[in-house]
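Remarks on the structure that follows.
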Amino acid sequence: MAPRAFNGPALRDQRRLAGLTAAQLAATVGRSEWTLWGYETGRVIPPVDVAAGLADALHLPLEQLLTTTETAVA
């Protein structure tokens, strides 16, 4: 099984689909809007408990915010 990593762009997309602003989602999990921006851009990896909280706040399974770390070979 390939290792899994947090997928920031998936977080951003799911937040937008849920109709939440970054500030709203950040407040829900007790983080700043700038920290959430870091998660969404992949500059910061959230701790597992925060990632789970983000998934819960978006009513998603955590796996939906994860990706495999394998890269495609052309």
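Contact map, region 61-74: first residue among the charged types (D, E, K, R), second residue open to solvent by 100 Å² or more (accessible area, probe 1.4 Å) and modelled with pLDDT under 85, Cβ cut-off under 8 Å, separation 6 or more or different chains; pairs are GLU63/ARG4. With the condition kept exactly as written, say whether any residue in region 2-9 is in contact with a strand residue (DSSP E or B) (Cβ under 7 Å, 6 or more places away or on another chain), touching a residue at least 12 places away in the same chain (Cβ under 8 Å), among the small types (Gly, Ala, Ser) and closer than 14 Å to THR67 by Cα. Within region 2-9, one or more residues are in contact with a strand residue (DSSP E or B) (Cβ under 7 Å, 6 or more places away or on another chain), touching a residue at least 12 places away in the same chain (Cβ under 8 Å), among the small types (Gly, Ala, Ser) and closer than 14 Å to THR67 by Cα.
The values are calculated or read from the model by the stated rules, or taken from the named source; none is laboratory data. Just so it is clear, the model here is predicted, and its values are computed rather than measured. Note that we place each Cβ from the backbone using ideal geometry, even for glycine, and neighbour counts take in every protein chain shown. To get the accessible areas, we keep the full protein, side chains included, count just its heavy atoms, and leave off ligands, DNA and RNA. Shrake-Rupley method; radii C 1.70, N 1.55, O 1.52, S 1.80 Å.
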